[in-house]
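Colleague: What follows is a structure written as structure tokens; I'll ask about it next.
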């Protein structure tokens, strides 16, 4: 289930925002997705870990499982990601996204139906 986009978290005196939040009814867990326009950086793993700890402490209700974090980046170096994500007890995943291009509707020729 889609919970929302740009979900605010008030941590200490600062506000943080996670890009998208879903709730998986089968897993009984929140899924936090952070979209990054550049390549994977180590600080993204720490940021997502903070978000997951917040959700686990402040948002989860009795019966909910630990939240899951997904970081989608333009590019990812597997070795760097392994070191950045290694040892984090929360479930944090990083992956590369692919861009697709939609066909311009004006570039299609009209089809005549008989």
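Colleague: If I model region 1-62 as equal point scatterers sitting on the Cα atoms and use the Debye formula, what is log10 I(q)/I(0) at q = 0.16 Å⁻¹?
Modeller: -0.54
Colleague: Fewest to most neighbouring Cβ within 10 Å: what's the order for 16, 54?
Modeller: 16, 54
Colleague: For the pair residue 14/residue 39, report the inter-label distance in nm, with labels modelled 7 Å from Cα in the Cβ direction.
Modeller: Simple spin-label model gives 2.5 nm for this pair.
Colleague: Related question: Rounded to the nearest 0.05, what FRET efficiency do residue 25 and residue 53 have when you use their Cβ-Cβ distance and R0 = 22 Å?
Modeller: According to the calculation, E is roughly 0.45.
Colleague: Still on this structure: Rank-order 4-10, 63-69, 36-42 by packing density, defined as the average count of other C-beta atoms within 10 Å over each peptide's residues, highest first.
Modeller: Going from most to least packed, we get 63-69, 36-42, 4-10.
Colleague: Could you list 35, 72, 52 so that the one with the fewest beta carbons within 10 Å of its beta carbon is first and the one with the most is last?
Modeller: Result, fewest neighbours first: 35, 72, 52.
Colleague: Using 0.36 nm per residue, how much length does the chain from residue 82 to residue 5 gain when fully extended, once their Cα-Cα distance is taken away?
Modeller: Full extension of this stretch gives 25.0 nm more.
All of the numbers you see were taken from the coordinates with simple rules; none came from a lab. Nothing here was measured: the structure is a model prediction, and the numbers come from that model. When we count neighbours, we look across all protein chains shown, and the Cβ atoms used for this are built from the backbone with ideal geometry, even at glycine.
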